[in-house]
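For reference, the structure discussed in these notes is given below.
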Amino acid sequence: MRVSVETANSVRVRVGACPAVFGRAPDDGEVLAWVVDLATPPVDPDELFRWLTSEEQVRAQRYRIAKAREQFVIGRGLLRGLLGAYLGTRPDAVELTYLPSRKPMLCDATCGLHFNVTHTDGIAVLAVARRRVGVDVEIVRPMRDADGLVGRYFSPAECAAYRALPEDAKQAGFFRGWTTKEAVIKAAGATVACLADFDVELNPSHPPGVLNARTELLAGDGWALAEWAAAGNVAVAVALEGSDTLVIENSI
């Protein structure tokens, strides 16, 4: 996957394995992206469960499928550990609220921290920044109905761009489109209802980007995109509010 070249207006996306203890919060010119191996999280899931609020513990116990329950506990527990460390408080004392899209955010907007969490089978990614941020992750695999999914969820312009791709680029184009679009709507606090209301670059030989937006939900200073490949043939995309160039840096 293509990575953006650094410019004067670059924001570094610092990618690293999620630690058990978090250090400093991100500064204005960076996104911190922590990758979690869900099979071997850096903190024991029983301890992470204790980091949840009582309401979240009840929510976790309602999951009937053990894997889904564990993914929630690990993802939300590590998020609370991260935010608690950055805010100087206990993980379970971090106060969260929810947008109508169900995206969690800090009740105290004055701290200037924005975050997002995503997971798929075996891997989760936590992203935190000083602007609205979104992240999505997908295992790259053959899709039996990729054409149908593109026709259903992508915009007309993206459908045409996808059909114009060479056959050997369509899988990469599909997952580029899916992950970057999901990252944008997560950053904006929108829902899948607006997936067709904006266009992203599908051609994997071109840098990722938002080409056009036709909804007020995405109005503002624009959205910067970057992508990388994680271990296990996993595609990851991050979206950040603003028109900066995002540069992936595996340096945390």
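The values are calculated or read from the model by the stated rules, or taken from the named source; none is laboratory data. Fair warning: this is a prediction, and the values are worked out from it, not measured in the lab. Here the Cβ is made from the backbone with ideal geometry for all residues, glycine too, and neighbour counts use every protein chain on show. These area figures cover heavy atoms from the full protein model, side chains too; ligands, DNA and RNA do not enter into them. Shrake-Rupley method; radii C 1.70, N 1.55, O 1.52, S 1.80 Å.
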(request) Give me the angle, in degrees from 0 to 90, between the Cα long axis of helix 167-188 and the longest principal axis of the Cα atoms of the chain, rounded to the nearest 10. (result) 50
(request) Report in % the part of the accessible area of the chain that belongs to carbon and sulfur, leaving out ligands and nucleic acids; probe 1.4 Å. (result) 50
(message) Can you compute the helix-only [θ] at 222 nm over the chain? Use -39500 (n - 2.57) per DSSP H run of at least 4 residues, normalise by all residues, nearest 500 deg cm²/dmol.
(response) -9500 deg cm²/dmol
(message) Suppose the chain between Ser205 and Ala66 were pulled fully straight at 0.36 nm per residue; how much longer would it get relative to their current alpha carbon spacing?
(response) 46.1 nm
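Considering only the chain, what is the antiparallel percent among its DSSP beta bridges, to the nearest 5? List each step's numbers first, then the result.
Numbers: 34 of 45 bridges.
Among the beta bridges of the chain, antiparallel pairing accounts for roughly 75 percent.
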(message) How tilted is helix 66-87 with respect to the longest principal axis of the chain? Cα atoms for both, answer in degrees (0 to 90, nearest 10).
(response) 80
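How charged is the neighbourhood of Ile74? Take every other residue with its Cβ under 15 Å from the Cβ of Ile74, and add Lys/Arg as +1 and Asp/Glu as -1. Intermediate values should be presented prior to the final figure.
Details: positive: Arg50, Arg59, Lys67, Arg69, Arg76, Arg80; negative: Asp37, Asp44, Asp46, Glu47, Glu56, Glu70, Asp121.
Residues close to Ile74 contribute a combined charge of -1.
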(message) For segment 98-159, what does the convex hull of the Cα positions come to per residue, in cubic angstrom?
(response) 136
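In Å², and per residue, what accessible area does the chain have when probed at 1.4 Å with the other protein chains present?
Details: 12060 Å² over 252 residues.
I get 48 Å² per residue for this part.
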(message) Can you give the Rg/Rh ratio of segment 146-249, where Rg is from the C-alpha atoms and Rh is the Kirkwood radius?
(response) 0.94
(request) For segment 139-213 and segment 57-81, compute the distance between their C-alpha centroids and round to whole Å. (result) 29
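Viscosity 0.890 mPa s, temperature 25 °C: Stokes-Einstein D of segment 143-190 from its Kirkwood Cα radius, in µm² per second? Walk me through the intermediate numbers first.
Values: Rh = 11.1 Å.
It diffuses with D of about 221 µm²/s by this estimate.
For segment 213-252, what relative contact order do you get, as a whole percent, if you take Cα pairs closer than 8 Å and at least 6 residues apart?
Numbers: 45 pairs, mean separation 15.7, N = 40.
Over segment 213-252, the number comes to 39 percent.
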